[in-house]
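Everything below concerns the one structure shown next.
The values are calculated or read from the model by the stated rules, or taken from the named source; none is laboratory data. Remember, it's a predicted structure, so these values are computed and weren't measured experimentally. Cβ placement follows ideal geometry from the backbone for every residue including glycine, while neighbour counts extend to all protein chains displayed. Note: areas computed on protein heavy atoms with side chains; ligands, DNA, RNA excluded. Shrake-Rupley method; radii C 1.70, N 1.55, O 1.52, S 1.80 Å.
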Amino acid sequence: MNAPLNSRPPRQIPLWVWALPPLLFVASAPLWLHWYEPTMFLAINQACLVLPAVVWTGLSLLGNAWAVLGLTAPLLVVAPRLMWAWLCAAPFAIAFARGGKALLESPRPAAVIDNRQMRIVGEVLENVSMPSGHTLTAFAVASGIYFALPLARRWRHGWLFVLAAGAGLSRIAVGAHWPGDVVVGASLGLLSGMLGQWLLVRLKPAHLLPTAWSPRLVAAIVLAAVYHLLAEELDFEENHLMQGVLAVVAIASLVAFAIQNVQALRTRLRHLQR
């Protein structure tokens, strides 16, 4: 019998997997040292012209925290442990992204290349390029959820990293980042998700119950995400429709979560009355 998605795996991360983030970082040195730029960036940016801009802007949403909250909101109801898995990775991802951008004042492609040679979608960004925050976020969410799954079911969810890679590629497609920014973001995001498991395994079972204060706090954050999805333009105007869809998903999840709470309270009251 397959273990449920919400169950705790017997072993979180094999030791050899911890070598992947530093290996990816070192192997990608020619990229973040810009040995092949701007040639590589322009080649990838132009190759992505085969798909319309809305595809790439939609993939970039996978690296926006408000959009991710809307997308993963159903987990709050059906698999809260997986929701916590990527939330536990978030502090590490934020530290890596903010720290990297604060320490490295690296120019973005639009500040170096003649803009007529490349496709730029949305706002023209010119600085704080390294690392790609969207890519880092997407990989942190993907790896956080992936490594929280039972070992026997992980192989079925490799698509999480395909989506994260799509988010990374989109940052080149819209003209926002160099390939090196994206690969470094991917390595740090992968590491963030893995480090998040250290917090996840220390999470008390009570935090998985809908009536606990912590899931209700997460629900409040999801509600804030609904506001941002409906009231703001997240990165690109092309994303308005997708933002609306994600807002509906989040609202439906919050309604289901509220119903869970009501049912749990009714059950508790019945027990007290006996």
Identify, from the list 225, 164, 219, the residue that is under 30 Å from residue 116 (Cα atoms), in contact with a Phe, Trp or Tyr (Cβ under 9 Å, 6 or more places away or on another chain) and in a helix (DSSP H, G or I). 164
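For the range 202-216, name all the residues that are of a type in the set (A, V, I, L, M), more than 24 Å from the chain's Cα centre (by Cα) and part of a loop (DSSP other than H, G, I, E, B). If you could, list the steps in order and put the result at the bottom.
Taking the range 202-216 first, the residues of a type in the set (A, V, I, L, M) are 203, 206, 208-209, 212.
Those still in the list that are more than 24 Å from the chain's Cα centre (by Cα) too: 206, 212.
Within the range 202-216, just 212 meets the criteria.
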What's the number of the only condition in (1) open to solvent by 20 Å² or more (accessible area, probe 1.4 Å); (2) at pLDDT below 95; (3) within 29 Å of residue 16 (Cα to Cα) that residue 100 fails to meet? (1)
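Each row is one residue, and each column tells you yes or no for (1) of a type in the set (S, T, N, Q); (2) touching an Asp or Glu at 6+ places or on another chain (Cβ under 6 Å); (3) at negative phi; (4) open to solvent by less than 60 Å² (accessible area, probe 1.4 Å).
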{"position": "71", "(1), (2), (3), (4)": "no, no, yes, no"}
{"position": "77", "(1), (2), (3), (4)": "no, no, yes, yes"}
{"position": "85", "(1), (2), (3), (4)": "no, no, yes, yes"}
{"position": "91", "(1), (2), (3), (4)": "no, no, yes, no"}
{"position": "113", "(1), (2), (3), (4)": "no, no, yes, yes"}
{"position": "117", "(1), (2), (3), (4)": "yes, no, yes, no"}
{"position": "130", "(1), (2), (3), (4)": "no, yes, yes, yes"}
{"position": "134", "(1), (2), (3), (4)": "no, no, yes, yes"}
{"position": "141", "(1), (2), (3), (4)": "no, no, yes, yes"}
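Each row is one residue, and each column tells you yes or no for (1) of a type in the set (D, E, K, R); (2) surrounded by 15 or more Cβ atoms within 10 Å (Cβ to Cβ); (3) touching a helix residue (DSSP H, G or I) at 6+ places or on another chain (Cβ under 6 Å).
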residue	(1), (2), (3)
23	no, no, no
27	no, no, no
33	no, no, no
49	no, no, no
52	no, no, no
64	no, yes, no
82	no, yes, yes
Does the range 199-228 hold any residues that are without any contact (Cβ under 8 Å) to a residue 40 or more places away in the chain and open to solvent by 40 Å² or more (accessible area, probe 1.4 Å), and which are they? 202, 204, 205, 206, 213, 217, 220, 223, 227
Anything in the range 52-83 that is within 22 Å of residue 181 (Cα to Cα) and not in a helix (DSSP H, G or I)? List them, or say none. 64
Under 7 Å by Cβ, and 6 or more places apart or on different chains, what pairs join a residue from the range 121-138 that is within 11 Å of residue 188 (Cα to Cα) with one that is in a loop (DSSP other than H, G, I, E, B) and open to solvent by less than 10 Å² (accessible area, probe 1.4 Å)? 132/177
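Can you give me the number of residues within the range 93-114 that are outside any loop (DSSP other than H, G, I, E, B) and touching a residue at least 60 places away in the same chain (Cβ under 8 Å)?
Step one: list which residues in the range 93-114 are outside any loop (DSSP other than H, G, I, E, B), which gives 93-103, 109-112.
From what's left, touching a residue at least 60 places away in the same chain (Cβ under 8 Å): 93, 96-97, 100, 109-110, 112.
Here the count works out to 7.
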Of the residues in the range 35-47, how many are surrounded by 16 or more Cβ atoms within 10 Å (Cβ to Cβ) and in a loop (DSSP other than H, G, I, E, B)? 2
The lone condition residue 261 fails out of (1) open to solvent by 60 Å² or more (accessible area, probe 1.4 Å); (2) at pLDDT below 95 is (1)
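Identify all residues within the range 1-21 that are part of a loop (DSSP other than H, G, I, E, B) and either surrounded by fewer than 11 Cβ atoms within 10 Å (Cβ to Cβ) or at pLDDT 95 or above (or both); write none if there are none.
Listed by number, the residues that qualify are 1, 2, 10, 11, 14.
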